[in-house]
Amino acid sequence: MRSWWKNVWPPLVAVIFFLLVWQLLTSLFHIEQWILPAPSDIAREAAAASGGLWEHVWATLKLTVFGFAIGTAIGLVIALILHLIPFLKQALYPLLILSQNIPTIALAPLLMIWFGFGLLPKLIVITLVCFFPVAVAALGGLKQTDPVMMNYMRMIGAGKGQIFAKLELPHALPSIFSGIKIAATYSVMGAIIAEWLGADKGIGYYMMLQKSGYRTDRMFVAIMIIVVLSLLMFGLIALLEKWFVRWKPKQG
Amino acid sequence: MINQETTPAALEIVSVSKSFTEKRRTLPVLNDISLTVGQGEFVSIIGPSGSGKSTLLHVIGGLTRPDAGTVRMNGAEVTGQQGHISYMPQQPALFPWRTIEDNVLLAQEVHGPVSREAREDARRWLAKVGLAGFEKAHPHTLSGGMQQRAAFLRALLSPQELMCLDEPFSALDALTRSDMQRWLLDIWEENRRSVLFITHNIEEALLLSSRIYVFSSRPAAVLHAIDVPFPRPRREEVTEAPEFLQLKRQLSEWMREEQRKMQAAQQGGSRL
């Protein structure tokens with residue numbers, strides 16, 4: 001607990017300091033609220049609006065979790081297939097990298113045209129941002145199997161399937177998890193983008209609504225919620241990782 | 001020795017040769033190697049490092065097909081077939097995500113489901129080799145010597161008759177190493193499995209083996225095969241016997257000569 005606190009207090013102090021400076025500067029220079037509201041205004045607005053916000057938060061959270069699960073699953077499946085069939089990896093891996101040069105935000109309107117304004121195009125957007133870090137991390141982890149352990153498995157006559165299940169997969173777990181952690185934070189962003197483009201509820205939709213009313217304070221509230229959601233997703237995966245990779249010796 | 005005439009040898013390598021092609025050049029690695037490990041025999045291969053011992057092991061393990069020659073185990077030809085040996089590598093290669101108990105059972109697991117009796121047996125053995133209380137520990141919490149004992153146990157509990165030990169103590173410090181040699185001697189004399197032991201430590205080979213094959217530098221060929229005459233059970237005192245010292249001197253001389261040849265070849269610009 002004490003060491004935990006030791007790690008936490010420096011960034012905490014930094015954040016408090018940052019908020020204080022922000023508060024001071026907005027009142028010192030009389031900055032209009034619709035340009036940059038003070039932290040105290042945002043807090044007040046958050047408290048006032050909290051009742052009506054739950055519906056939006058819930059919608060975004062559902063979309064995020066759903067999309068994240070699909071994206072991660074597809075990422076893992078792609079990594080698995082490419083790993084087990086080297087020819088496919090050779091053929092498709094460069095395309096996989098290339099696909100990431102298409103900005104999601106440019107693709108999203110197209111998806112709306114093709115698939116309408118329902119759940120499907122939104123899930124596709126989140127999947128597109130989530131599968132890539134998972135697939136790349138998993139492929140990297142599977143490729144870097146310890147050669148000594150690999151030689152041992154082959155010498156005792158283990159088959160391809162056994163080598164995969166007993167050695168390659170557990171060996172790759174830490175890197176798979178670092179990919180999933182990235183995907184977890186991306187998934188919230190994906191959900192917000194999807195909601196910007198066409199939704200009737202959700203934090204992304206709420207942001208668009210407040211933008212048209214120049215309610216900067218409410219937009220900041222939305223941003224705060226997005227940050228909290230991202231941290232929540234990240235923390236959840238980090239906990240899962242801690243449980244799955246509990247064998248890993250601690251550094252230092 | 002009587003055993004050997006009635007039952008087929010645990011391992012019989014007959015005129016195995018292997019060369020690799022690299023940049024259109026042929027590099028001979030194994031040159032007409034023949035050797036035998038009888039049932040319940042402890043046989044060592046000793047030779048300069050980089051002489052192709054690991055290639056030979058890959059041939060025995062079935063990972064590499066020899067260009068010529070055959071590998072027979074217990075009378076059946078197994079050239080190029082995997083899964084007939086139990087193996088202990090140079091580094092312990094314990095899987096960090098498995099507990100010591102699960103690590104020790106890994107080789108059995110690869111060849112079929114692990115029974116409750118096998119698990120209990122493994123626990124008994126762990127206690128016997130001084131790893132009681134570490135059954136549920138992960139490998140990184142163990143010292144190097146303890147890890148090697150677990151790796152040895154994993155090979156010992158593997159169902160195949162022939163154990164191939166590939167320089168198992170070379171990564172240990174001198175003190176731990178001599179401890180482990182004595183430990184291995186005791187355990188082997190109690191169990192009498194067929195062992196092929198690869199090393200470049202002369203004293204280790206003499207202390208443990210019934211027969212030693214001396215390999216030449218690359219391409220590896222069998223230079224000498226010596227029977228080690230000391231009776232069993234052996235005690236460490238045997239290392240001070242005049243005969244032991246004489247054999248040791250003889251082997252050192254052969255080895256030094258091979259090392260010299262190899263260095264000369266290296267300086268001659270030819271690759272190993």
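Only loop residues by DSSP count here, and only those with at most 14 other Cβ atoms within 10 Å; note down the chymotrypsin sites (Phe, Trp or Tyr not before Pro) in the stretch A:1-89 that meet that. Can you show the working numbers first?
Details: sites: A:W4, A:W5, A:F17, A:F18, A:W22, A:F29, A:W34, A:W54, A:W58, A:F66, A:F68, A:F87; in loops: A:F29, A:W34.
Passing sites in the stretch A:1-89 are A:F29, A:W34.
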(request) Report the residue, chosen from A:G67, A:G51, A:G75, that carries the largest GNM mean-square fluctuation when chain A is represented by alpha-carbon nodes joined by springs under 10 Å. (result) A:G51
(request) Would you mind checking the tilt of helix A:203-212 against the longest principal axis of the Cα atoms of chain A, expressed as 0 to 90 degrees and rounded to 10? (result) 30 degrees
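About its Cα centre, how strong a charge dipole does chain A have in debye, to the nearest 20, once Lys and Arg get +1 and Asp and Glu get -1 at the Cβ?
With Lys and Arg at +1 and Asp and Glu at -1, about 900 debye.
Residues of B:96-103, mean number of Cβ from any other protein chain within 10 Å of their own Cβ, rounded to a whole number?
3
Under Stokes-Einstein, with the Kirkwood radius over Cα pairs standing in for Rh, what whole-number D in µm²/s applies to the stretch A:55-244 at 4 °C and 1.567 mPa s?
Translational D for this selection: 72 µm²/s.
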(request) May I ask which residue of B:V78, B:I100, B:P89 lies farthest towards the positive end of the charge dipole of the stretch B:60-111, with charges of +1 (Lys, Arg) and -1 (Asp, Glu) on Cβ and the Cα centre as origin? (result) B:V78
(message) For a quick check, take a GNM of chain A with Cα springs below 10 Å and name the residue from A:R218, A:R44, A:R154 with the largest mean-square fluctuation.
(response) A:R154
(request) With θ set to phi - 60°, apply the Karplus curve 6.51 cos²θ - 1.76 cosθ + 1.60 along the stretch B:123-130 and write out the HN-Hα couplings as whole Hz, x wherever there is a Gly or Pro. (result) 5, 4, 5, 4, 5, 5, 9, x
(request) Go ahead and estimate [θ] at 222 nm for the protein assembly as shown from helices alone: -39,500 (n - 2.57) per DSSP H run with n ≥ 4, summed, over the residue count, rounded to 500. (result) -19500 deg cm²/dmol
(request) Give the angle, between 0 and 90 degrees and rounded to the nearest 10, that separates the Cα long axis of helix B:242-267 from the longest principal axis of the Cα atoms of chain B. (result) 60 degrees
(message) Restricting to DSSP loop positions (anything but H, G, I, E, B) with no more than 12 other Cβ atoms inside 10 Å of their own Cβ, which trypsin sites (Lys or Arg not before Pro) remain in the stretch B:135-176?
(response) B:K136
(message) Placing +1 on the Cβ of each Lys and Arg and -1 on the Cβ of each Asp and Glu in the stretch A:1-117, which of A:T104, A:W5, A:V57 has its Cα farthest towards the positive end of the resulting dipole?
(response) A:W5
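For the stretch A:158-246, run through the chymotrypsin sites (Phe, Trp or Tyr not before Pro) and keep only the ones in DSSP coil with at most 13 other Cβ atoms within 10 Å of their Cβ. Intermediate values should be presented prior to the final figure.
Numbers: sites: A:F164, A:F177, A:Y186, A:W196, A:Y205, A:Y206, A:Y214, A:F220, A:F234, A:W243, A:F244; in loops: A:Y214.
The qualifying sites are A:Y214.
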(message) Can you tell me the orientation of helix B:144-156 relative to chain B, as the angle in degrees between its alpha-carbon axis and the longest Cα principal axis, to the nearest 10?
(response) 90 degrees
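Throughout, read-outs are computed from the coordinates displayed, never taken from laboratory work. Here the structure is a predicted model, which means the values were calculated and not measured. Don't worry about glycine lacking a Cβ; one is built from the backbone with ideal geometry, like all the others, and counts go over all protein chains shown.
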